[in-house]
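Written below as structure tokens is the structure these notes are about.
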Amino acid sequence: MDNTIETRCPYYKKCGGCQMQNLTYRQQLSQKQVRIIKLLGHYCHVEEIIGMENPYHYRCKVQAAFGRNHKGETVSGIYQSSTHKIVPVDSCMIEDERADEIIVCIRKLLKSFKLKPFDENNYTGFLRHVLIKKGYFSKQIMVVLVTGTVEFPQKRAFVNALLSRYPDITTVIQNINNSRTSLVLGERSIVLYGTGKIIDQLCGYNFRISPSSFYQVNPVQAAVLYKTAMDFAGLTNTERVIDAYCGTGTIGIIAADRCKEVIGVELNADAIRDARENAKNNGTHNIKFINADAGELMEEMAAEKESADCVIMDPPRAGASLKFLRSLVKLSPDKVIYISCNPDTLARDLHFLSHNGYWIEKIQPVDMFPHTSHVETVVLMTKR
């Protein structure tokens, strides 16, 4: 594990993405450990944070904004923290290197094909963003060109030029986003090459990845995170499990081989479609996916005297809503596995659950995003 201070990134002070790059990797892990202990250590012992052997170039999802600099030249890169000012970046120490190369190539092709980057002030121009997703194990590559217009001059020639330089690209998609929004993707996509999807493996299972579907950006640590969750759940092939905030079904499908039945719940209809396809592709038959609010579903189950042995919850950074937590207490599963990407909202939610019938038994931090301040944490709770 690297114990030297990383100094090779020239964008450190401008970008703001890697807030902890001025520390050695061991110091980063130590600071994150201390943070979790301060927030959660009064509940139970906090296990030592699990770091990465090689904490560089781990991001398999890379996106770059396109625009012009003060000289009128096309630039691509990362929005400076809390702004919409583009920091020109050719190579990032935490992003997949092949993805960065492809983005630089696309920027050069724009000039060759006389295509203009998008202008956020006037809402004119062509290319707004490039999103690249790469399968860590499969090596499949998806390129999404996010454009401000449906019109794509010399579309076939542009795609062929890109593929001739990078024949390992699996699929190319045009996504149209002409709205005044800070969201990267628009609602309409056109497949220009391939199937519009890629497949990657996680914990021995195959998962379909589409442009808008959520998939962990660090598959190496995602496998650690999910293995920890399964170890904490201690499933014995007899349980009924609810996978709340299930997304494309990754953790529910992994759990299905270890329990009697899984119910995956998710509000995003596109994610549910991918989840059902993922279950089919993995031959998983004891799982069903419901497009609904997880809290409402659990409340209905409790009202109908239905039960669940274990609830696995992986909410967004905002944490779980009070409505969700109350419905969880009503359903009263024997075990709750909380996978958190925000220690502050995790602390808030654990405070509620610990005062409403649950013991906090185990806490395991995982460093999913080295060089940044983010920490993932897996918590095991049992009913008193």
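Selection of segment 11-33 for residues being out of contact with any His (no Cβ under 9 Å at 6 or more places or on another chain), crowded, with 17+ Cβ neighbours inside 10 Å and either closer than 13 Å to Tyr79 by Cα or at pLDDT below 95 (or both) yields Tyr11, Tyr12, Cys15.
Considering (1) within 19 Å of Ser332 (Cβ to Cβ); (2) touching a residue at least 40 places away in the same chain (Cβ under 8 Å), the lone condition that Glu261 does not fulfil carries the number (2). In this structure, is Phe137 modelled with pLDDT under 95, hydrophobic (A, V, I, L, M, F, W, C) and within 25 Å of Asn268 (Cβ to Cβ)? Criteria met by Phe137. Within segment 58-74, the set of residues being part of a loop (DSSP other than H, G, I, E, B) and either among the acidic types (Asp, Glu) or modelled with pLDDT under 95 (or both) comprises Asn69, His70, Lys71, Gly72, Glu73. Candidates in segment 258-274 are the residues that are modelled with pLDDT of 95 or more and crowded, with 17+ Cβ neighbours inside 10 Å; of these, the one that is farthest from Phe289 (Cα to Cα) is Cys259. From the set of residues in segment 332-351 that are in contact (Cβ under 8 Å) with a residue 60 or more places away in the chain, of a type in the set (A, V, I, L, M, F, W, C) and not in a strand (DSSP E or B), which is nearest to Glu299 (Cα to Cα)? It comes out as Leu350. The residue list Asp344, Asp309, Asp334 contains one member that is of a type in the set (Asp, Glu), modelled with pLDDT of 95 or more and out of contact with any strand residue (DSSP E or B) (no Cβ under 8 Å at 6 or more places or on another chain), which is Asp344.
Listed by first and then second residue, the pairs linking a residue in segment 24-37 that is touching a residue at least 12 places away in the same chain (Cβ under 8 Å) and closer than 11 Å to Pro365 by Cα to a residue that is of a type in the set (Asp, Glu) and crowded, with 20+ Cβ neighbours inside 10 Å, with Cβ atoms under 9 Å apart and 6 or more places separating them unless they lie on different chains, are Leu29/Asp367; Lys32/Asp367. Checked against the criterion of being out of contact with any strand residue (DSSP E or B) (no Cβ under 9 Å at 6 or more places or on another chain), closer than 29 Å to Val220 by Cα, modelled with pLDDT of 95 or more and surrounded by fewer than 21 Cβ atoms within 10 Å (Cβ to Cβ), the candidates Arg165, Arg98 yield just one match: Arg165.
Report whether or not Leu110 is of a type outside the set (Gly, Ala, Ser) and touching a strand residue (DSSP E or B) at 6+ places or on another chain (Cβ under 6 Å). The answer is yes for Leu110. Total residues in segment 191-211 satisfying the condition of being out of contact with any helix residue (DSSP H, G or I) (no Cβ under 9 Å at 6 or more places or on another chain) and either modelled with pLDDT of 95 or more or assigned to a strand (DSSP E or B) (or both): the figure is 5. Just to be sure I understand the filter: pairs with C-beta atoms under 7 Å, separated by 6 or more residues or on different chains, first member in segment 197-224 and closer than 16 Å to Arg59 by Cα and among the aromatic types (Phe, Trp, Tyr), second member at pLDDT below 95 and in a helix (DSSP H, G or I). Which pairs pass? The qualifying pairs are Phe214/Ala271. Which members of segment 361-384 meet the condition of being within 26 Å of the chain's Cα centre (by Cα) and in a strand (DSSP E or B)? Selection gives Lys362, Ile363, Gln364, Pro365, Val366, Glu376, Thr377, Val378, Val379, Leu380, Met381.
Every residue, every condition in (1) among the hydroxyl-bearing types (Ser, Thr, Tyr); (2) within 23 Å of Met20 (Cα to Cα), yes or no:
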| site | (1), (2) |
| --- | --- |
| Lys330 | no, no |
| Ser340 | yes, yes |
| Leu346 | no, yes |
| Pro365 | no, yes |
| Met368 | no, yes |
| Thr382 | yes, no |
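What is the number of the single condition among (1) under 23 Å from the mean Cα position of the chain (by Cα); (2) surrounded by fewer than 20 Cβ atoms within 10 Å (Cβ to Cβ) that Tyr205 does not meet? Exception for Tyr205: condition (2). In summary, no helices (runs of 4 or more DSSP H) completely within segment 236-308 bear 3 or more residues that are outside the structural domain of Leu325 (by TED's automatic domain parsing) and among the aromatic types (Phe, Trp, Tyr). Scanning segment 80-95 for residues being closer than 24 Å to Pro167 by Cα and surrounded by fewer than 16 Cβ atoms within 10 Å (Cβ to Cβ) gives a total of 2. Take Thr236 and tell me if it is of a type in the set (S, T, N, Q) and closer than 23 Å to Leu163 by Cβ. So Thr236 does not fit the description; no.
The values are calculated or read from the model by the stated rules, or taken from the named source; none is laboratory data. It should be emphasised that the depicted structure is a prediction, and the values quoted were computed from it without experimental measurement. We place every Cβ from the backbone using ideal geometry, glycine too, and count neighbours over all the protein chains shown.
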